[in-house]
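What follows is a short report on a single structure.
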Amino acid sequence: MSVRKKLIEWLFEKSKEVYTNLFKSHEPWGINKRQLLAYPKDSFGKHLGLFLDKNNFELISKVERHDAYHTLTGYGIKVEDEIALQYLCFGNGKRSPYLYGAIILGTIILPDYYKYYYQSYCIGKKANSFHHFDYKELLTISIHDLRQVVFSKSQINTLIKI
């Protein structure tokens, strides 16, 4: 991994706790990976659990929605994917200090991925609004149905390739 990517990873780690404590006042979901993995096979909750399990993660209290975005969109956890996911969310109308920081620093430090970022922004812009969903309430619905509500068929095909 390049020094630039390591710098961004370090910045993400250091800022995560500060951001969560200063800007997130809602209640955590109170659900863990094991519980998510017990959801029905095609459910959004099961797929969220599989995403967490594959990456050896647990949900982060008060920012569970971030992993829900990964699950909905199919974006990975590489540094460039994290930045691209923020671009997709920005295109979809999401606004937050963390998003702005990730986009600005990510673009400055890793400009090599600008085309990927821009493609992600365009997908988010054309998609139906999803950044405001209460994802905890959507855990039992089909991930395929949820994706079809948010994205066009061609967008879904593009996201699966990303």
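The values are calculated or read from the model by the stated rules, or taken from the named source; none is laboratory data. For clarity, every value in this text was computed on a predicted model and none was experimentally measured. For neighbour counting, all protein chains shown are included, and Cβ atoms are generated from backbone atoms with ideal geometry for every residue, glycine included. With ligands, DNA and RNA removed, areas are computed over all heavy atoms of the protein, side chains included. Shrake-Rupley method; radii C 1.70, N 1.55, O 1.52, S 1.80 Å.
Numbers at a glance
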quantity	calculated
Among residues of segment 73-98, those that are open to solvent by less than 10 Å² (accessible area, probe 1.4 Å), out of contact with any Gly (no Cβ under 7 Å at 6 or more places or on another chain) and within 16 Å of CYS122 (Cα to Cα), counted	4
Residues of segment 32-51 that turn out to be under 14 Å from the mean Cα position of the chain (by Cα) and surrounded by fewer than 22 Cβ atoms within 10 Å (Cβ to Cβ), as a count	1
So GLY101, is it over 12 Å from the mean Cα position of the chain (by Cα), small (Gly, Ala, Ser) and crowded, with 20+ Cβ neighbours inside 10 Å	no
Residue in segment 1-26 that is modelled with the lowest pLDDT, counting only those that are charged (D, E, K, R) and within 20 Å of PHE57 (Cβ to Cβ)	LYS24
Condition met for TYR116 (hydroxyl-bearing (Ser, Thr, Tyr) and at pLDDT 95 or above)	yes
